[in-house]
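The values are calculated or read from the model by the stated rules, or taken from the named source; none is laboratory data. Quick caveat, the model's predicted, so the values are computed rather than measured. Using ideal geometry, Cβ is built from the backbone for each residue, glycine included, and neighbour counts are taken over all protein chains shown.
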Amino acid sequence: MKRAFVKATPATPPGCSTAAPSGSVASRGLAARRAALQILLRVERDRAFADILLGQWVGQFAAPDRRLITRLVLGTLAWQGRLDYELARHVRHPLERVTPEVLAAMRMGLFQVRMLSRIPQHAAVDTAVTLTRELAGRGKAGFVNAVLRKAIRNPTALPPRTADETAYLAIAYSHPRWLVESLIAWFGLKTAEALMKANNEPAPNVLRLNLARGMRDDLVALVSRDEMTVARHGRFPETVVLNSAPVLDGESWHGGIFQPQGEASQLVSRLLAPGGQTLVIDCAAAPGGKTTHIAELIAPVGKVLAIDVNFSGLLRVRSAAARLGHCNVLIARADASLGLPVRPRSAGCVLLDAPCTGLGTLRQHPEIRWRLSYADIERMAMLQKRMLRQAATAVANGGMLVYAVCSIAPQEGPGVMAAFLAENPDFELDRAVPEQLRDLLVAGCVKTRPDIDGLDGFFAARLKRCAW
């Protein structure tokens, strides 16, 4: 998901030890839950992004604890609406008056009680109480204990579906009401319900192997040494899906063997098919996943010009390229919605993976469903139109422009593309896509959705400038 402005987050959340967990199974389990709770607090207090904090934290834990932390954080955030619906019926005052530490502990505890059947209810309550005592004192711990035990004794029923179906769906699938209404309007009731269900499932942990470092099987062996197990392979040789969260402090990470990147995101670079190009421009390059993917695909002859308005984002691009060993990445700071720092029609391939609402990535970024509003969709679509207009100026005659967003909102992907083609008759939709992507084509564009193919929701169009 493209983020125009990401608040910097310290590598170590306040109150957490940087030492690797050790000791008994029980103490390690408490350490894992402590890390999960601190991440949830940062997301709530500072509007930090959970995936960034998870990437900073889970590497110090063993694989089972990495899975637990990831599930607790992303699951609690995804089910926050439903959890709050129940908690509000067991707390005498509004949840807005509950301190963040206490509310986060109750949410995470209730999530384990309601959604994780393998965790005993008493264990979920006990750890929530212990962590609350550490963070907020004995009195607040007693409050958490009372609320969670009351919730166990008296489960809250969902509202009747017949009375208000939208309200029922919003609570049952933990999506804000405006989003439920939008999904039904876009896809119909049956599909919207299936999509909301899929949005609450754990996202697969996907790596992109750096094939510049060696053959796939050899790279998989190196990854396995860092306690990462490959569950299956993707559509292209570089794509592997793990059984647990990636380890971002092991030898394979520091050696540039892989880059964490969702499979749908990887398909965008493959759709561009930049092989043989001497210059490829990535117009919104941060944090660098697609830039480095393209750099690998066009090496050793071609170069990638990575452009972004966010300087800290460009530093992440440079860092990723250095770690992966790609020397063919150039960076330039510019606002692609205003213009590109290149000559017109100078590149054979241009990528615009535009900033968007991210509505196709709610499995990986569940917190954004609680931050977005309907107005954000039109706001992002307008930004994308400006950026696409500028990106097109750099495409040479006969060259390719790929426009992509990780959103399922029709105003963003199809709507922006249709407006662009209407204004630019010298561009046309190119349907000559790689064979591995043809089953994903809808009306000539690549479309993915978690409820259909298990991939994040992406829209990507390959546009060709006519050689007039």
Going through the stretch 17-57 in order, the residues found to be in a loop (DSSP other than H, G, I, E, B), surrounded by fewer than 17 Cβ atoms within 10 Å (Cβ to Cβ) and at pLDDT below 85 are 17, 18, 19, 20, 22, 23, 24
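Is it the case, given these coordinates, that residue 182 is on the phi > 0 side of the Ramachandran plot and of a type in the set (S, T, N, Q)?
On the way: on the phi > 0 side of the Ramachandran plot: no; of a type in the set (S, T, N, Q): yes.
No, not satisfied.
Output the helices (runs of 4 or more DSSP H) that fall wholly within the stretch 98-168 and possess 2 or more residues being of a type in the set (S, T, N, Q) and on the phi < 0 side of the Ramachandran plot, or say none. Talk me through it step by step, then tell me what you get.
Details: elements: 100-115, 121-136, 138-153.
Once the helices (runs of 4 or more DSSP H) in the stretch 98-168 are filtered for at least 2 residues that are of a type in the set (S, T, N, Q) and on the phi < 0 side of the Ramachandran plot, what remains is 121-136.
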Residue set 357, 393; condition surrounded by 18 or more Cβ atoms within 10 Å (Cβ to Cβ) and not assigned by TED's automatic domain parsing to the domain that holds residue 79; output residue 357
The condition from (1) over 16 Å from residue 363 (Cβ atoms); (2) crowded, with 23+ Cβ neighbours inside 10 Å; (3) at pLDDT 90 or above; (4) not basic (Lys, Arg) that residue 78 misses is numbered (1)
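Determine which member of the set 404, 334 is surrounded by fewer than 19 Cβ atoms within 10 Å (Cβ to Cβ) and either in contact with a Pro (Cβ under 9 Å, 6 or more places away or on another chain) or of a type in the set (Gly, Ala, Ser) (or both).
Going through 404, 334 in turn, the sole match is 334.
Taking strands (runs of 3 or more DSSP E) that do not extend beyond the stretch 182-288, which have at least 1 residues that are over 23 Å from the mean Cα position of the chain (by Cα) and at pLDDT 95 or above? Before you say what the answer is, go through the steps one by one.
Values: elements: 205-209, 230-233, 239-242, 258-260, 279-282.
The strands (runs of 3 or more DSSP E) meeting that bar are 279-282.
For the stretch 146-157, give me each residue that is without any contact (Cβ under 8 Å) to a residue 40 or more places away in the chain, within 33 Å of the chain's Cα centre (by Cα) and surrounded by 13 or more Cβ atoms within 10 Å (Cβ to Cβ).
Let us first name the residues in the stretch 146-157 that are without any contact (Cβ under 8 Å) to a residue 40 or more places away in the chain, namely 146, 149, 152-153, 157.
Going one step further and asking which of them are within 33 Å of the chain's Cα centre (by Cα), we end up with 152, 157.
If the condition is that a residue be without any contact (Cβ under 8 Å) to a residue 40 or more places away in the chain, within 33 Å of the chain's Cα centre (by Cα) and surrounded by 13 or more Cβ atoms within 10 Å (Cβ to Cβ), then 152 is the only one that fits.
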Among the residues that make up the stretch 86-109, is at least one of them within 22 Å of residue 201 (Cα to Cα) and among the acidic types (Asp, Glu)?
yes
**residue 388 outside the structural domain of residue 177 (by TED's automatic domain parsing) and within 26 Å of residue 184 (Cα to Cα)** = no
Query raised in the report: touching a residue at least 60 places away in the same chain (Cβ under 8 Å), assigned by TED's automatic domain parsing to the domain that holds residue 230 and over 29 Å from residue 441 (Cβ atoms), is that true of residue 256?
Result: yes
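For every residue, the table says whether it meets (1) touching a helix residue (DSSP H, G or I) at 6+ places or on another chain (Cβ under 8 Å); (2) under 22 Å from residue 346 (Cα atoms).
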site: 275; (1), (2): yes, yes
site: 284; (1), (2): yes, yes
site: 291; (1), (2): yes, yes
site: 295; (1), (2): yes, yes
site: 298; (1), (2): no, yes
site: 301; (1), (2): no, yes
site: 306; (1), (2): yes, yes
site: 311; (1), (2): no, no
site: 317; (1), (2): yes, no
Checked the stretch 85-97 for anything part of a loop (DSSP other than H, G, I, E, B), of a type in the set (A, V, I, L, M, F, W, C) and in contact (Cβ under 8 Å) with a residue 40 or more places away in the chain; matches are 91
The residue from 405, 442 that alone is under 14 Å from residue 359 (Cβ atoms), among the aliphatic types (A, V, I, L, M) and at pLDDT 95 or above is 405
Note on the stretch 42-62: residues of a type outside the set (D, E, K, R) and either in contact with a Leu (Cβ under 8 Å, 6 or more places away or on another chain) or under 21 Å from residue 243 (Cβ atoms) (or both) are 43, 50, 54, 55, 56, 57, 58, 59, 60, 61, 62
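Going by the conditions given, is residue 174 modelled with pLDDT of 95 or more, part of a loop (DSSP other than H, G, I, E, B) and either surrounded by fewer than 20 Cβ atoms within 10 Å (Cβ to Cβ) or touching a helix residue (DSSP H, G or I) at 6+ places or on another chain (Cβ under 7 Å) (or both)?
Values: modelled with pLDDT of 95 or more: yes; part of a loop (DSSP other than H, G, I, E, B): yes; either surrounded by fewer than 20 Cβ atoms within 10 Å (Cβ to Cβ) or touching a helix residue (DSSP H, G or I) at 6+ places or on another chain (Cβ under 7 Å) (or both): yes.
Taking the combined requirement at face value, the residue satisfies it.
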Those residues of the stretch 354-370 which are in contact with a Lys or Arg (Cβ under 6 Å, 6 or more places away or on another chain) and either modelled with pLDDT under 95 or under 18 Å from residue 202 (Cβ atoms) (or both) amount to 362
